[in-house]
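Each remark here refers to the structure printed beneath this line.
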Amino acid sequence: MEYLFYLEKGIWFGLAALGFAILFNVPPRTILIVSILAAMGGVTRLYLVHSGASILMASLAGASLIGVLSIQASHNKHAPPLVFSIPAVIPMVPGVFAYQAILGLINLSTNPNAPDYTQILTGTISNGLNAIFILMALAVGVAVPMLITRKTSAKHIKIVKKGN
Amino acid sequence: MLEIGTLLMSSGATTNRVRVTVNRVSEAFGYNTEMLITNRAITLALSHDGKQEFFNSLKRTSPHGVNFKIVSGISRMSWRVVEENWTISQIKSEITRLKALPPYPRLLVLALVSLSGAAFCRLFDGSYVEMLVAFFATFAGLFVRQESVKLEFNPYLCVFFASFTASMISGFFRKFGFGEGMEHAFTASVLFLVPGVPLINSFSDLIDGNILNGTVRGINGLMIAFAIALGLLGAMAIYRF
């Protein structure tokens, strides 16, 4: 039952990434890998959240996984890692948090005399902060593996190519 | 050289990638390059070790959309220039070939992006009916965006139109069709506009020390996000949620 749940979500993550890959006009040979990466990252995040990690750390872990794997993929398929990692990480964007935060902001500005004003205020702040921090976690997770491996990867490619 | 740099910049490469790639190509011809890369223009100075000659030029980047085919195509080409000793004319013809590469067929793009809208909806625990609504809302939104881009509106206005259309459609179902619980479709229908490339590139640039470019890209991403929110707000104000 559990596995089926993760499998289904994984497929949806993959499909969401597929749409973005097409939208960004990635080369055809990379599309499949993008979907697989997105599914793996997304399922990792879901699994971590279900086993009790905070959504923030789970997002960071999922995005880092995508970042690291995309570097490997870029060596195999000869395309910059960015091509794989950005479409793959987008399905994890915190849409619901951002939406709730905007909704809360409107509420706050339109009826300042609401009886549960403080409650709305705390809810809005928490949702907004969650949205911003998850976005940052996604960006860090994707960017840092690229930076760490940059120097070595460039040399590595050169050596391999010369060998051929 | 400039053509390579500006093409890369406008189709969504990070500042560092532009610099590395242009350097690689120019070194293959034995020249040193110094560059000033900004978001809208690139300045470049070429010099040769043994000679007195010096070449200087400036080129504006054209405001194209994200196109990863060009990024990966040029990055591949730059390696082949180094290894196979390409001539200038070969590079020129390769660039024109890359520019002319056809994008995916429009219907395919529309269908798959809408599918990803539906997938988003499912990820937010939406039901299958909501997924259908999200599919059609995304479809209409993307269609409006493509059309308004063709008419050369301001890019942020295009995003606003798209998000307004998408949320009007999904909001219609939420208001009149199925009562409560359509929130997920409403949220998911505008997510295809999320400025993922500017935001992530902005962060990579900032970490790299290209603070100026990173800031510019980040603000660009925020403007897009603001346009999306504005479209949502417009629809919400009309339907009085």
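Among the conditions (1) modelled with pLDDT of 75 or more; (2) of a type in the set (Ser, Thr, Tyr); (3) assigned to a loop (DSSP other than H, G, I, E, B), the only one that B:Ser116 does not satisfy is (3).
Could you tell me whether B:Ser114 is farther than 25 Å from A:Pro81 by Cα, more than 7 Å from chain A (Cβ to nearest Cβ) and surrounded by 21 or more Cβ atoms within 10 Å (Cβ to Cβ)? Criteria met by B:Ser114. Scanning the stretch A:67-120 for residues being closer than 21 Å to A:Ile148 by Cα and more than 11 Å from chain B (Cβ to nearest Cβ) gives a total of 8.
With the requirement that a residue be within 12 Å of the chain's Cα centre (by Cα) and without any contact (Cβ under 8 Å) to a residue 40 or more places away in the chain, what does the stretch A:66-100 give you? A:Gly95, the sole residue that qualifies.
Rundown of residues vs (1) more than 11 Å from chain A (Cβ to nearest Cβ); (2) under 29 Å from B:Ala111 (Cβ atoms); (3) of a type in the set (Asp, Glu), yes/no style:
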residue: B:Leu199; (1), (2), (3): no, yes, no
residue: B:Phe203; (1), (2), (3): no, no, no
residue: B:Asn213; (1), (2), (3): yes, no, no
residue: B:Gly218; (1), (2), (3): no, no, no
residue: B:Gly221; (1), (2), (3): no, yes, no
residue: B:Ile224; (1), (2), (3): yes, yes, no
residue: B:Leu230; (1), (2), (3): no, yes, no
residue: B:Gly234; (1), (2), (3): yes, yes, no
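Matching residues to (1) within 30 Å of A:Thr110 (Cα to Cα); (2) in contact with an Asp or Glu (Cβ under 8 Å, 6 or more places away or on another chain); (3) of a type in the set (Gly, Ala, Ser):
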| site | (1), (2), (3) |
| --- | --- |
| B:Gln146 | no, no, no |
| B:Lys150 | no, no, no |
| B:Tyr156 | yes, no, no |
| B:Thr165 | yes, no, no |
| B:Asp205 | no, no, no |
| B:Gly209 | no, no, yes |
| B:Gly221 | yes, no, yes |
| B:Ala235 | yes, no, yes |
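Listed conditions (1) of a type outside the set (A, V, I, L, M, F, W, C); (2) in contact with a Cys (Cβ under 7 Å, 6 or more places away or on another chain); (3) not in a helix (DSSP H, G or I) are all met by B:Glu130, apart from (3). Please work out if A:Tyr3 is farther than 18 Å from A:Ala139 by Cβ, free of Cβ contacts under 8 Å to residues at least 40 places away in the same chain and surrounded by 19 or more Cβ atoms within 10 Å (Cβ to Cβ). Judged against the criteria, A:Tyr3 is not a match.
Every test in (1) facing chain B (nearest Cβ under 10 Å); (2) under 14 Å from A:Leu138 (Cα atoms) is passed by A:Gly41 save one, and that test is (1). The stretch A:53-141 holds helices (runs of 4 or more DSSP H) entirely within its bounds, and those carrying 1 or more residues that are more than 23 Å from B:Ser204 (Cα to Cα) and not hydroxyl-bearing (Ser, Thr, Tyr) map to A:95-110.
If the requirement is being over 20 Å from A:Met40 (Cβ atoms), at pLDDT 80 or above and either surrounded by 22 or more Cβ atoms within 10 Å (Cβ to Cβ) or charged (D, E, K, R) (or both), which of these qualifies: A:Ala131, A:Ala58, A:Ala98? One residue alone meets the criteria, A:Ala98. Remark: pairs (first residue in the stretch A:133-144, more than 8 Å from chain B (Cβ to nearest Cβ); second residue surrounded by 22 or more Cβ atoms within 10 Å (Cβ to Cβ) and of a type in the set (Ser, Thr, Tyr); Cβ separation under 8 Å; 6+ apart in sequence or on different chains) = A:Ile134/A:Ser59; A:Ala137/A:Ser59; A:Gly141/A:Ser59. Looking across the stretch A:142-151, the residues that are crowded, with 17+ Cβ neighbours inside 10 Å and either part of a loop (DSSP other than H, G, I, E, B) or not aliphatic (A, V, I, L, M) (or both) come down to A:Pro145, A:Thr149.
The values are calculated or read from the model by the stated rules, or taken from the named source; none is laboratory data. Please read these numbers as outputs of a predicted model, since none were measured by experiment. All Cβ positions, even for glycine, are placed from backbone atoms using ideal geometry, and neighbour counts span all protein chains on display.
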